[in-house]
1. Only residues that are surrounded by fewer than 14 Cβ atoms within 10 Å (Cβ to Cβ), outside any strand (DSSP E or B) and charged (D, E, K, R): list them for segment 340-382, please.
2. Any idea which of Thr235, Thr174 is within 16 Å of the chain's Cα centre (by Cα), part of a loop (DSSP other than H, G, I, E, B) and either at pLDDT 95 or above or under 24 Å from Ile119 (Cα atoms) (or both)?
3. Against the definition (crowded, with 21+ Cβ neighbours inside 10 Å and within 21 Å of Arg228 (Cα to Cα)), how does Ser117 come out, yes or no?
4. Quick one: is Lys169 assigned to a helix (DSSP H, G or I), under 24 Å from Leu276 (Cβ atoms), in contact with a Gly (Cβ under 9 Å, 6 or more places away or on another chain) and open to solvent by 30 Å² or more (accessible area, probe 1.4 Å)?
5. Among the residues of segment 280-289, which ones are touching a strand residue (DSSP E or B) at 6+ places or on another chain (Cβ under 7 Å), touching a residue at least 60 places away in the same chain (Cβ under 8 Å) and under 15 Å from Pro38 (Cβ atoms)?
6. What number goes with the only condition from (1) in contact (Cβ under 8 Å) with a residue 40 or more places away in the chain; (2) out of contact with any Gly (no Cβ under 9 Å at 6 or more places or on another chain); (3) not in a loop (DSSP other than H, G, I, E, B) that Ala197 does not pass?
7. How many residues does segment 323-339 hold that are more than 30 Å from the chain's Cα centre (by Cα) and open to solvent by 50 Å² or more (accessible area, probe 1.4 Å)?
8. Give the residue that is farthest from Asn206 (Cα to Cα), with candidates limited to residues of segment 236-276 that are out of contact with any helix residue (DSSP H, G or I) (no Cβ under 7 Å at 6 or more places or on another chain) and crowded, with 24+ Cβ neighbours inside 10 Å.
Amino acid sequence: MNEKIFKQFITFIVVFVQIFIVFNPARAMDSIVDDAPPVDESKPYIPVTADNLQDMTAQAAILIDATTGRILYEKNPDAKAMPASTTKMMTCILGLENANDDDIVEVDKRAVGEDGSAIYINEGDKIKMSELLQATMLASGNDGADAIAYYVGKGSLETFVQMMNDKAKEIGATNTHFNNPHGLTDPNHYTTARDLAKIARYAYQNEKFRKIVSTKEQEIQWINPAERRDVYGSTNRLLWNYDDVTGIKTGYTDAAGGCLVASAQRDGVTLIAVVLKTADSRARFVEGRALLDYGFKHIKEVKTIDEQQLISNIYTHNSSSYKTTVKPAQAFTYPIMDKEKAEDFSWKMNLPAYVDAPLSEGEKVGTVDLLYQGNVIGSVDMVTTEEVPEGFNFLGFLHKLFFS
């Protein structure tokens, strides 16, 4: 190959690569996307495990049982902190609750070019909401978060931010204030580890949310431009190297440090761990994993009360039968730490003196509380075991006459 042909060949390769980059800006096939700068490997770091959580660099952390909300470990859980891109948990759940999967989102020009990590949208691009939510959560796209916000907020970012704060209050995240949908640094954008755990637990109850945050990698199809297809890989490295992990969201800015909200499931127990402001982006994964390991090491889900003990009879009025049977709607299980004893659990029934017919099978008529050392820690609905039709019986009539 002579020199002239060689130069032409090199020029062709350069042009081809540039074109490929332009038309495939966010492609991440077979790779993990990162939302943080490279770690300085020369800095000393003590590997944190379940046995030395005291060495965590995270300035705030919490571990909860996702089913009950019970706190299993905490470190400065109410300290004010910046959430970085863990903010997008709220953005995602509002998108799921206020839009349909097949809604077509036309990208608002104000969402284009947002700072930080991106899915590289352009004004006028069109995409299904389900695809936009997945891409945004996988690649932690700040521009994608803006696009969701403008759509759900009907063109107003301020409206969407208000929705975020209203939802936070509804969930009980009272020490949180959002000022944007993506988590870029803002003095009026803050949260706590406890609040993020509450938000994560709420969102995790949504099946679509769980599917989104547990996805490692997915091809995203755009409607306009029709030829655009991008493969995004999750920023959550634990999805790639920790078998039990099921989500949820990473975060990083220079001001916030390393942030991670991680969920995992093992042997019927689901845990949510939060670490905020770790030393670097590496530490958030190591310390998040250590928290989860700690939980799985020291906790087990046990049947604290035999539900057969809770089956009861209740008087009925205006029915052909004077009483009906009720039972717990579900098994009474609860996470117990290894130092706790099952015999310290008790229960308290909350049933009315009677119920009025008609009633459907499985209809709620009361509750039963679970107590640990005398304190209420959970509740289960009590429901009818069969249909209770309208009618008349003498005993029911007398009960109504003398006890109503």
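The values are calculated or read from the model by the stated rules, or taken from the named source; none is laboratory data. Please read all numbers here as calculations on a predicted model, not as lab measurements. Cβ sites come from the backbone with ideal geometry, for glycine too, and all protein chains shown count toward neighbours. When the accessible area is computed, the model is the full protein with side chains, heavy atoms only, and any ligands, DNA or RNA have been set aside. Shrake-Rupley method; radii C 1.70, N 1.55, O 1.52, S 1.80 Å.
1. Answer for segment 340-382, where residues must be surrounded by fewer than 14 Cβ atoms within 10 Å (Cβ to Cβ), outside any strand (DSSP E or B) and charged (D, E, K, R): Lys341, Glu343, Asp344, Glu361.
2. Thr235
3. Criteria met by Ser117.
4. no
5. Asp280, Ser281, Ala283, Arg284, listed by residue number.
6. Status for Ala197: all satisfied but (2).
7. 2
8. Result: Gly257.
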